[in-house]
Amino acid sequence: MDFVEDADRAEAYRTLADIFSEPPAGDSLAAIREDFELESKEGEEEIRKDFLSLLVYPAGKVPPLESLFSASGNAAVNEVTRLYLDAGLTFDEDIQLMPDHISLEFLFMSYLIETGRSELQRKFFEGHILQWVPDYCEELKKAAKTLFYREIAEVVENFVSGEHEEME
């Protein structure tokens, strides 16, 4: 893989991480719609309400946590935490997300890409992201009230599928 491709992959993971960490608004929402060619026309408030009803743990219908969507359950939290620490990362006390939250897992992939740790990328992708994100996206599409989150689920599903094909 070349540097430009890796930079684009890392940026894609960061962008997707942001979408799941807080409801996009303003210029961020406009950029997401443009970058991913979304058809969604819902307003910021409608998207914010759907974000809160879907993604916030524990009240949301489908919080994006590996422990809720993978066969490994709560063991996933300990596993990903250990992998983060083994890679030299520590948690900022201000972070309010669980270690197995999709945003942190995507940020971790971005970090691994940027630091050229391809073996750990593959291990983390295959052992974690691939094990739950496709199923999660299916559930998100079913539960979302907005076209925005149904389209985002489709984007993530296609991205993960493309990453899997590239790694094979």
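What follows draws every value from the coordinates through simple rules; no lab data is involved. Worth saying up front: this structure is predicted, and the values here are computed from it rather than measured. Cβ sites come from the backbone with ideal geometry, for glycine too, and all protein chains shown count toward neighbours.
Rounded, prolate or oblate: pick one for segment 1-93, where a ≥ b ≥ c are the square roots of the eigenvalues of its C-alpha gyration tensor, a/c under 1.5 means rounded, and failing that, prolate if a/b is larger than b/c, else oblate. Please report the intermediate quantities before stating the final value.
On the way: a/c = 2.26, a/b = 1.21, b/c = 1.87.
Since a/c reaches 1.5 but b/c is at least a/b, the shape of segment 1-93 is classed as oblate.
Evaluated over the chain, the count of Lys pairs having alpha-carbon atoms less than 22 Å apart is 11 (only pairs 8 or more residues apart or interchain).
What 222 nm value per residue comes from the helices of the chain, counting each DSSP H run with n ≥ 4 as -39,500 (n - 2.57) and dividing by all residues, nearest 500 deg cm²/dmol? Walk me through the numbers on the way to the answer.
Details: 9 runs with 112 residues, N = 168.
When only DSSP H runs of four or more count, the value is -21000 deg cm²/dmol.
This structure gives Rg and Dmax of the Cα atoms in Å, computed directly, and of (1) 14.6, 39; (2) 23.0, 61; (3) 15.3, 42 that value is listed as (3).
Quick one: dipole size for segment 55-168, taken about the Cα centre, charges +1 on Lys/Arg Cβ and -1 on Asp/Glu Cβ, in debye to the nearest 20. All intermediate terms of the calculation are to be shown ahead of the outcome.
Values: 9 positive and 21 negative charges, 77 e Å.
Computed charge dipole of segment 55-168: roughly 380 debye.
Relative to the longest principal axis of the Cα atoms of the chain, helix 44-55 runs at roughly 50 degrees. Where does helix 26-35 land angle-wise versus the long Cα axis of the chain, in degrees 0 to 90, nearest 10? For 26-35 against the chain, the angle is about 70 degrees. Quick check: net charge around E168, other residues with Cβ under 14 Å of its Cβ, Lys/Arg +1 and Asp/Glu -1? With Lys, Arg at +1 and Asp, Glu at -1, the neighbours total -3. Based on the alpha-carbon gyration tensor of segment 82-128 and its eigenvalue square roots a ≥ b ≥ c, which shape applies: rounded if a/c is under 1.5, prolate if not and a/b is larger than b/c, or oblate? Verdict is prolate for segment 82-128. The calculated FRET efficiency for E46 paired with H164, based on their beta-carbon distance and R0 = 22 Å, is about 0.10.
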